[in-house]
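Heads up, the thing below is written out as structure tokens.
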Amino acid sequence: MTTIIFNTLLVLIQIIILRKKFRPFQLLQIPVCIVFGFLNDFALFCLDGITLTAYWQQWLVCITSIIILGFGVSMEVNAKLVTLAGEGIVLAICRICPIKFGYMKVICDLGMVLTAVIISLIFFHNVQGVREGTLAAAIFVGLISKQFNRFMTPLSEKLFGCGGSVKKQI
């Protein structure tokens, strides 16, 4: 439920940032937020019994996840369809600021991690739920997505005739 609420909030922030430039089509991010939230819960249910005790195992899963997520973000943005709200907010900021997507993704993700740390300190008086893997993901998902975009953008342009306006942002 928290994921759904937070991602819906990100869609509302996109509307505030873009104002008249916001495309109503992107309101489809809200049902995507709902599905995404339920899929998160389902994934947590499926992984409930799995515990990685060795630190190297935790990092192996984290690094693998970062690479897969970076690839997925690259595909999602190059498709120029409805994005998840996390990428939607980055694309919205890229439309008004001359910063490429990969770098803006890192800035936004680090901002969200910092916000999570502040909220944790306020409510729990210590940092909970944010560790070095979270920070690594915030830094590297955008950078890896940028690397995948080097071949994804030309491929999407060649296969589907799209990607030109995204290319400037990526």
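The values are calculated or read from the model by the stated rules, or taken from the named source; none is laboratory data. It should be emphasised that the depicted structure is a prediction, and the values quoted were computed from it without experimental measurement. We place every Cβ from the backbone using ideal geometry, glycine too, and count neighbours over all the protein chains shown. Surface accessibility is based on the protein's heavy atoms, side chains included, excluding ligands, DNA and RNA. Shrake-Rupley method; radii C 1.70, N 1.55, O 1.52, S 1.80 Å.
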Between Ile34 and Leu69, what length comes free when the chain is fully extended (0.36 nm per residue of separation minus the Cα-Cα distance, one decimal in nm)?
-> 10.7 nm
Probe 1.4 Å, protein heavy atoms only - accessible area per residue of segment 36-139 in square angstrom | 61
Any chance you could look up the accessible area of Phe22 with a 1.4 Å probe, heavy atoms only, rounded to 10 Å²?
-> 30
Roughly speaking, what is the centre-to-centre gap between segment 91-116 and segment 1-75 when only Cα atoms are used, to the nearest Å?
-> 15
Can you give the calculated 222 nm mean residue ellipticity of the chain, where each DSSP H run of n ≥ 4 adds -39,500 (n - 2.57) and the sum is split over every residue, rounded to the nearest 500 deg cm²/dmol?
-> -26500 deg cm²/dmol
Taking a probe of 1.4 angstrom, what is the accessible area of Lys146 in Å², to the nearest 10?
-> 50
Ignoring ligands, DNA and RNA, how do Cys97, Cys33 rank by accessible area with a 1.4 Å probe, largest first?
-> Cys97, Cys33
Karplus-derived HN-Hα couplings along segment 99-112 (A = 6.51, B = -1.76, C = 1.60, θ = phi - 60°), whole Hz, x at Gly and Pro = 10, 5, 3, x, 6, 5, 4, 4, 4, 5, 5, 5, x, 5
By the gyration tensor of its Cα atoms, with a ≥ b ≥ c the square roots of the eigenvalues, what is the shape of segment 17-105: rounded for a/c under 1.5, prolate for a/b over b/c, or oblate?
-> oblate
Measure off, as a whole percent, the carbon and sulfur share of the 1.4 Å-probe accessible area of segment 58-170, all protein chains present.
-> 72
Surface/4 estimate of mean projected area, convex hull on alpha-carbon atoms of the chain, nm² = 10.9
In debye to the nearest 20, the charge dipole size for the chain, taken about the Cα centre with +1 at each Lys and Arg Cβ and -1 at each Asp and Glu Cβ, equals 940
Residue pairs, from the table Lys80/Lys100; Lys21/Lys158; Lys20/Lys158; Lys105/Lys158; Lys20/Lys105, whose Cα atoms sit over 21 Å apart | Lys21/Lys158; Lys20/Lys158; Lys105/Lys158; Lys20/Lys105
For the chain the mean separation of alpha carbon contacts under 8 Å (6+ apart) over residue count, i.e. relative contact order in percent, is 28
Calculate, for Leu44 and Leu143, the FRET efficiency according to 1/(1 + (r/R0)^6) with r their C-beta to C-beta distance and R0 45 Å; round to the nearest 0.05.
-> 0.95
